[in-house]
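Just below is one structure, and these are the notes that go with it.
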């Protein structure tokens, strides 16, 4: 779509977007011009055939705020899901962390359900669907707000915002899955990919207890590649479980039935990831906190001139604040390279030169004591995953340690109700559309 068309349409909806900016992406009815009936592109149909699925097969969505990526997974004939496409997200707002109240501009994090009734073919934002916030977990914590959408226009006030061609394709894929008999779509929303590297860096964030809880659901999907059973009780998520008897999201958990084989595999993965986190910390990875002016967007869209909401907030990218072991910021603040800044590639880097790093300044502090880290679980509890109080308990490189990790390395603490388990280090698939891809 031509840039001039983008600008004209954005100006036309700008007033509406401003009116509802504090109430989420409140989506009034507009004329769609038939765009909700657009066919799935032939190139995407060919991808479905390649991975062994069809347009009518069920779908599952995953989104990652930090990486600004939206994924579509399709169920294959063997019952497992395979990644169909990854879309660079054009805009999200707020900070990393869950949505808690109306008007906070936060994009929610958690496990949500999309039904046919939540699809809006007549949207002011080109096309849209409601993600289902607040869910049972959010309501158990008295969280407020509504009208959280995945939509077009590239403008966010608490929503997952895509470009118009992207949302047209995503909408069509969901529509055909519903037409094929799928009753609801599971939507998994994460602050970031649950890799050892991200978890090591974010280990002192006030939301880490909640993120570790989400990671258990993330790991269940990594193990099974099927929709993750979700129960909310005692104001917590219980993943991979089915409940026996009556229960409530605020009340005590009932008897939960789990598949022992699946839980053993999840525990194995989580232990492996915990060891990788401990190794990264031992190698000197600092705890950080990412602070955004107001959300972000995928690097693919940098300098493309799209009329996103609050473009000034994207100018410098997030600030990476290095923390001490007490969770308080150290004197030096490290700036993360923003999407608009050039990053040296492996092809252009001088032969033999070290790989570039996102930060150019490092806070002055004494080296971490490896012995103290690996000597006991108590020291790890105190220094590695010490969490601040909270009201809830692109491609990522795989960490390859240069030296063997001791088999008795201590593990980060886990909530008593959950099993131990980590995540596959997933690389970003197809997040940089090539010519002809949906954007």
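Please treat every number below as a calculation from the coordinates, not as lab data. Fair warning: this is a prediction, and the values are worked out from it, not measured in the lab. All Cβ positions, glycine included, derive from the backbone under ideal geometry; neighbour counts span all protein chains shown.
Here the relative contact order of region 21-191, from alpha carbon pairs under 8 Å that lie six or more residues apart, stands at 32 percent.
Once you have a ≥ b ≥ c as the square roots of the Cα gyration tensor eigenvalues for region 115-211, tell me rounded if a/c is under 1.5, and otherwise prolate or oblate according to whether a/b is larger than b/c. Judged from the Cα gyration tensor, region 115-211 comes out prolate (a/c at least 1.5, a/b above b/c).
Shown is the FRET efficiency for residue 291 and residue 234, computed with R0 = 22 Å from the Cβ-Cβ distance and rounded to the nearest 0.05: 0.10. Residues of region 41-68 falling in the label zone of residue 82, defined by backbone nitrogen less than 19 Å from a point 7 Å along Cα to beta-carbon, are 41-62. Simple spin-label estimate for residue 258 and residue 184 gives 2.2 nm between the two label positions (7 Å along the Cα-to-Cβ direction from each Cα).
Note on region 21-191: Cα Rg divided by 2.2 N^0.38 Å, N the number of residues, gives 0.98. A crude spin-label estimate for the pair residue 45 and residue 102, with each label 7 Å from Cα along the Cβ direction, gives 4.4 nm. Beta bridges assigned by DSSP with both partners in region 21-191 are antiparallel in approximately 80 percent of cases. Cβ crowding within 10 Å ranks 176, 168 as 176, 168, fewest other Cβ atoms first. Note on 219, 259, 104: ascending count of other Cβ atoms within 10 Å places them as 259, 104, 219, the fewest first.
Of 292, 171, 81, the sequence from fewest to most neighbouring Cβ atoms within 10 angstrom is 292, 81, 171.
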